[in-house]
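The values are calculated or read from the model by the stated rules, or taken from the named source; none is laboratory data. Source: prediction; values computed, not measured. Ideal geometry is used to build each Cβ from the backbone, glycine not excepted, and the neighbour counts take in all protein chains shown. Heads up: the accessible areas ignore ligands, DNA and RNA and are worked out on the full protein's heavy atoms, side chains in. Shrake-Rupley method; radii C 1.70, N 1.55, O 1.52, S 1.80 Å.
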Amino acid sequence: MAENEWLSKDFYKVLGVSKDATDDEITKAYRKLARKYHPDLNKTKEAEEKFKDISEAYDVLSNKDNRQKYDAIRQFGMGGARFAGGSGAGGFDAGAFSDIFGSMFGGGAGAYGAGGNGSRIRFQNGGNPNINDIFSMFGGGAGGPAGAGAYGAAAGAGSPYGGGYKQAAQPEDGEDRNSKINLTFRQSVKGATVSLSADGKKFKTHVPAGVRDGQKIRISGKGKPGRNGGKNGDLYLQISVVEDPKFSLRKRDIIMDLPITVGQAVAGAKVTAKDVDGNEVTFKVPAGSSSGTEVRISGKGVANRQGNGDLVGRVQIRIPDKPGLKVKHAAKEFDKECGDFADELAKER
């Protein structure tokens, strides 16, 4: 857009920022509006026009020199200087104009005077004041066949929506990352807070209770950074669980072997053992239990949003490695007392 059109445009209002907005505030406002009205994301005609307006505004306000010119020209157009007719040539009162531009260029209106006394500014056309002559003093060169200055000639080149704004870069989401972590069995069933790093920055995340060996969990926003306002990618963390010699996991239940004697299996017993935290727990083994029988302690398994699992003791009947003569004799007597039980087992084999 040509500089001689700046008087009719309130770029601050277009972006919804104040005249004292910082560069960061201007950029943030532009990106927010661009995501809303970009023609690739919003197909309406109104959005296309709105996107053109906000792009024009951003092109001017994001450039320090152009913003300085724009602010001065807007102040001039709103009454910062007064046009006054002269004898034989157009001119205007330069007092206020000096106030506007003096600090910018290191001098008052006299620095631009064409009338020889520094108190009036005369224009090239020798008639009524021409705003293009004012723009030319900034080095923008508002004249030309297209009526556009240096800014108007350069901005928006090649844009399908016409000159005056640059095509906004498309938001791009960041790529996902993959990482691995080793957990103990206890960490996998109880949950754990672990330290990780990405892009040289350390952070902590919580691994939920009940994760399994080989499982992947997603950590939102910890992948590679997005570009042009796009969101960050995610981090996919692959879990490796170190095998435990005593415990294993079945859904939400923690399974452990529960070795007992023949007498405890036959008569039933209360058997103490230690859980995954090392705390003592008591299983109630019913009379007549065989190896493989499972006894439970409710709620002592994995605790997560799906519910609480159990701690399961899997009965294993053990006998001494080297039983003495009395033990052997007692075992034979036991078999006799069981009647046909030994024969029924033989049939199963």
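At a glance:
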item	result
Pair list, Cβ under 8 Å, 6 or more apart: region 257-273 residue without any contact (Cβ under 8 Å) to a residue 40 or more places away in the chain, other residue aromatic (Phe, Trp, Tyr) and part of a strand (DSSP E or B)	270/283; 272/283
The lone exception for residue 321 - which of (1) of a type in the set (Asp, Glu); (2) closer than 18 Å to residue 187 by Cα; (3) open to solvent by 50 Å² or more (accessible area, probe 1.4 Å) it fails	(2)
Listing of helices (runs of 4 or more DSSP H) fully contained in region 1-95 that carry 1 or more residues being acidic (Asp, Glu) and modelled with pLDDT of 85 or more	23-37, 45-61, 64-75
Exclusive hit being of a type in the set (A, V, I, L, M, F, W, C), open to solvent by 60 Å² or more (accessible area, probe 1.4 Å) and touching a Phe, Trp or Tyr at 6+ places or on another chain (Cβ under 8 Å), set 242, 327, 295	242
Residue, least open to solvent (accessible area, probe 1.4 Å), within region 22-50, restricted to residues that are in contact (Cβ under 8 Å) with a residue 24 or more places away in the chain and closer than 23 Å to residue 74 by Cβ	26
Residue in region 276-288 that is under 45 Å from the mean Cα position of the chain (by Cα) and surrounded by 14 or more Cβ atoms within 10 Å (Cβ to Cβ) present	yes
Residue 213 assigned to a strand (DSSP E or B) and over 30 Å from residue 38 (Cα atoms)	no
Region 334-344 - residue that is open to solvent by less than 100 Å² (accessible area, probe 1.4 Å) and within 17 Å of residue 265 (Cα to Cα) and, of those, modelled with the lowest pLDDT	342
Long-range neighbours under 8 Å by Cβ, at least six apart or interchain, first residue under 19 Å from residue 234 (Cα atoms) within region 188-217, second of a type in the set (Phe, Trp, Tyr) and open to solvent by less than 80 Å² (accessible area, probe 1.4 Å)	195/203; 196/203; 197/203; 216/236; 217/236
